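Just below is one structure, and these are the notes that go with it.
Since every read-out is calculated from the coordinates, none of them should be taken as a lab result. Not measured: the values here are computed from a predicted model. Cβ placement follows ideal geometry from the backbone for every residue including glycine, while neighbour counts extend to all protein chains displayed.
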């Protein structure tokens, strides 16, 4: 049961890009965290035979899912009809928290929200737990079914600060058309030091439309917020975009 309904203060800015589904149903296209972007505290999970081997094959190419929206049977902190998953855990120490059950092994963690394996059940059911609102849902009978249930969804961010993991996920899967709204969010809730590496990353993209989006944002900041970016970022962007 959920103690509180959908958090109505979480108004979202929705962007245009809907990502293409992989051709093979159930295969999740994963993208890596960019090498040139400082990596935040991303989730980790032990490499153990307690969970399906398909989990580790899923994260071989990256931890950021292109299909990231999971329909749910009741409202969540993310929306009235579903919840987002932003980064799958890579091999490492288990995520622990005092308010999580001992037989729950998380493979995703964003703030107070967790996805994980129910180790008390075989096959391992997938559970979603939101410790802030005491919401505990069984969302899939097994991991393969969980992957099949994930859906493409517009790139979106709430109109409030988000964890670097969340912004990074949206940035990696965003199209060029999505970036102006991402930049609006960044100017409001992030520092120039935080958005600067993403601007440089975008300016070196193989996609000319993304490079153009970076150039437009750089010129906007140069004119209206000339002190927003760090001096080093400004110098690097001048070289890249000249």
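Some points to look at:
- Note on segment 111-151: semi-axes of the ellipsoid equivalent to its C-alpha gyration tensor, largest first and rounded to whole Å, are 18, 13, 7.
- Principal axis dimensions, segment 191-241 - Cα atoms, whole angstrom, descending: 28, 18, 18
- Contact order relative to length of the chain, as percent, for alpha carbon pairs under 8 angstrom and 6 or more apart: 22 percent
- Cα centroid separation, segment 93-119 to segment 43-69: 14 Å.
- Under the criterion of Cα pairs below 8 Å and six or more residues apart, the relative contact order for segment 191-241 equals 48 percent.
- The simple spin-label model puts a point 7 Å past each Cα toward its Cβ; for residue 102 and residue 37 those points are separated by 3.9 nm.
- For segment 23-98, average projected area of the Cα convex hull in nm²: 7.2 nm²
- Both the radius of gyration and Dmax for segment 173-220 are 9.8, 28 Å, in that order, over alpha-carbon atoms.
- Estimated inter-spin distance, residue 47 and residue 121, nm [label 7 Å along Cα→Cβ]: 2.9 nm
- Radius of gyration, Dmax [segment 12-149; alpha carbons; angstrom]: 14.6, 41
- Average silhouette area of the chain, convex hull of alpha-carbon atoms, in square nanometres: 13.5 nm²
- Binned Cα-Cα distance frequencies in segment 68-198 - 5 Å width, integer %: 2, 9, 19, 21, 19, 14, 9, 5, 2, 0
- Stretchable slack from residue 159 to residue 73, in nm (0.36 nm times residue separation minus alpha-carbon distance): 28.5 nm
- The ranking of 36, 148 from fewest to most other beta carbons within 10 Å of each one's beta carbon is 36, 148.
- Candidates 140, 181, 93, ranked by Gaussian network fluctuation over the chain, Cα under 10 Å, top entry: 93
- Gaussian network model of the chain, springs between alpha carbon atoms under 10 Å - residue of 177, 98, 118 with greatest fluctuation: 98
- Order of 138, 233 under a 10 Å beta carbon neighbour criterion, fewest first: 138, 233
- MRE, 222 nm, helices only [DSSP H, n ≥ 4, -39500 (n - 2.57), over the chain, to nearest 500]: -9000 deg cm²/dmol
- GNM top mover of 44, 96, 58 - the chain, alpha-carbon springs below 10 Å: 96
- Volume per residue of the C-alpha convex hull in segment 77-146, rounded to whole Å³: 97 Å³
- Contact order for segment 21-88, expressed relative to its length and based on alpha carbon pairs under 8 Å spaced 6+ residues apart, stands at 33 percent.
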